[in-house]
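Got a structure for you, written out below as structure tokens; questions coming shortly.
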Amino acid sequence: DSRPEPWGKDVLVEFEDGIAWVKLNRPEKRNAMSVGLAEEMNKVLDALEIDERCGVIVLTGMGEAFSAGMDLKDFFRATDGVSDIERMRAYRSTRAWQWRTLMHYSKPTIAMVNGWCFGGAFTPLICCDLAIASEDAVFGLSEINWGVIPGGVVSKAISTLMNDRKALYYVMTGEQFGGKIAEQLGLVNEAVPADRLRERTVELCKVLLAKNPTVLRQARMAYKYVREMSWEESAEYLTAKADQTTFVDPERGRAKGLSQFLDEKTFQPGHGTYKR
Ligand code: ACO
């Protein structure tokens, strides 16, 4: 592979003022996710984590689709005829980027749902921290329609954001829904008209980029980990995590914030970020 950077085939990356636009790039296949795409995405996310041009990731799709889910040919059929070990490796590499890496990524992530979003595409959608959809995006848990269950970790992922009645309704019917319904379901933060999608996403990126990145990372991680913990464990962990945050923060944000509010009286945390 002579590409100097690990993207450029099934995934494109563009940098713009701290934003890394990560674009699934199989528009002719509606960005269906193949084994090859997973291998490329794993390398892309790994590279961007230590790339200074990337302060926040926006995951989106080229063309009409966010992603039409797992590739029925180049993921499912392609792994039907191979050995157990090869099949397990393909599943593992998909799980790696769609779930583990995105869920615990060091930099904030936003899914920008520009169009079709089916089946397996719900996993990276949900594992991004935030999501903005176009009102005319079309979502669906279409697995039932072609005779499979929402596998991978789709069923688990939707159960973290949707209530049981609604999740089961879409699991069982495979019915499509639009951006506004996705917003009501809590699958995305907001649905905006298609012509405002990019603008609104950039606006949100700028808010995130203005925060102390260390504290932002620690806050996201803490939230994600306490979801699985008891109250007792959460209290212990969060207290330790808060101390750790102060310890690892090169900006010494906590001290600055305290001093700007209490001593200098130049800022109020209720109204925005301290002067960095
Ligand atoms: N897997 C493999 N190929 C796909 C997929 C997919 N998930 N989605 C689209 N494609 C391919 C089509 O086979 C077609 O290929 P071809 O040009 O070589 O024939 C090409 O992409 C364009 O697709 P069309 O169906 O012609 O596009 P159209 O715009 O009419 O429809 C739509 C788009 C609605 C997304 C349709 O392609 C579709 O229903 N795709 C499957 C969606 C789905 O249910 N995905 C699986 C979810 S389950 C899971 O992920 C586990």
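No lab work stands behind these numbers, since they all come straight from the coordinates. Since the structure is predicted, the reported quantities are computational estimates derived from the model, not experimental observations. Note that each Cβ is placed from the backbone with ideal geometry, even for glycine, and that neighbours are counted across all protein chains shown.
Residues are listed down the side, and each one gets a yes or a no for (1) within 16 Å of the ligand (Cβ to nearest atom); (2) more than 30 Å from Arg198 (Cβ to Cβ); (3) touching a His at 6+ places or on another chain (Cβ under 6 Å):
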site: Arg26; (1), (2), (3): yes, no, no
site: Ser34; (1), (2), (3): yes, no, no
site: Val56; (1), (2), (3): no, no, no
site: Gly61; (1), (2), (3): yes, no, no
site: Ala68; (1), (2), (3): yes, no, no
site: Asp71; (1), (2), (3): yes, no, no
site: Ser83; (1), (2), (3): no, yes, no
site: Arg89; (1), (2), (3): no, yes, no
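Where the second residue is near the ligand (Cβ under 10 Å from one of its atoms) and part of a helix (DSSP H, G or I) and the first is under 17 Å from Gly147 (Cα atoms) and touching a residue at least 12 places away in the same chain (Cβ under 8 Å) and lies in the range 66-84, which pairs have Cβ atoms under 6 Å and are six or more apart or on separate chains?
From residues that are under 17 Å from Gly147 (Cα atoms) and touching a residue at least 12 places away in the same chain (Cβ under 8 Å), the pairs are Gly69/Gly119; Gly69/Gly120; Gly69/Ala121; Met70/Gly120.
Ok, one more. Can you pull out every residue in the range 10-24 that is within 16 Å of the ligand (Cβ to nearest atom) and more than 17 Å from the chain's Cα centre (by Cα)?
Asp10
Still on this structure, please answer the following. Read through the list (1) away from the ligand (no atom under 16 Å from the Cβ); (2) within 19 Å of the chain's Cα centre (by Cα); (3) surrounded by 16 or more Cβ atoms within 10 Å (Cβ to Cβ); (4) not in a helix (DSSP H, G or I), then give the number of the only condition that Leu48 fails.
All conditions are met except number (4).
Which pairs have Cβ atoms under 9 Å, sit 6 or more apart or on different chains, and link a residue in the range 21-35 that is farther than 19 Å from Val58 by Cβ to one that is within 12 Å of the ligand (Cβ to nearest atom) and basic (Lys, Arg)?
Listed pairs, sorted by first residue: Lys29/Lys73; Ala32/Arg26; Ala32/Lys73; Ser34/Arg26; Ser34/Lys73.
Tell me yes or no: at least one residue of the range 127-135 is over 16 Å from Val11 (Cα atoms), surrounded by fewer than 20 Cβ atoms within 10 Å (Cβ to Cβ), more than 16 Å from the ligand (Cβ to nearest atom) and acidic (Asp, Glu).
Yes, because at least one residue in the range 127-135 is over 16 Å from Val11 (Cα atoms), surrounded by fewer than 20 Cβ atoms within 10 Å (Cβ to Cβ), more than 16 Å from the ligand (Cβ to nearest atom) and acidic (Asp, Glu).
Here's another thing I want to ask about it. Which of the residues that make up the range 152-181 are away from the ligand (no atom under 16 Å from the Cβ) and under 19 Å from Gly115 (Cβ atoms)?
The answer is Lys180, Ile181.
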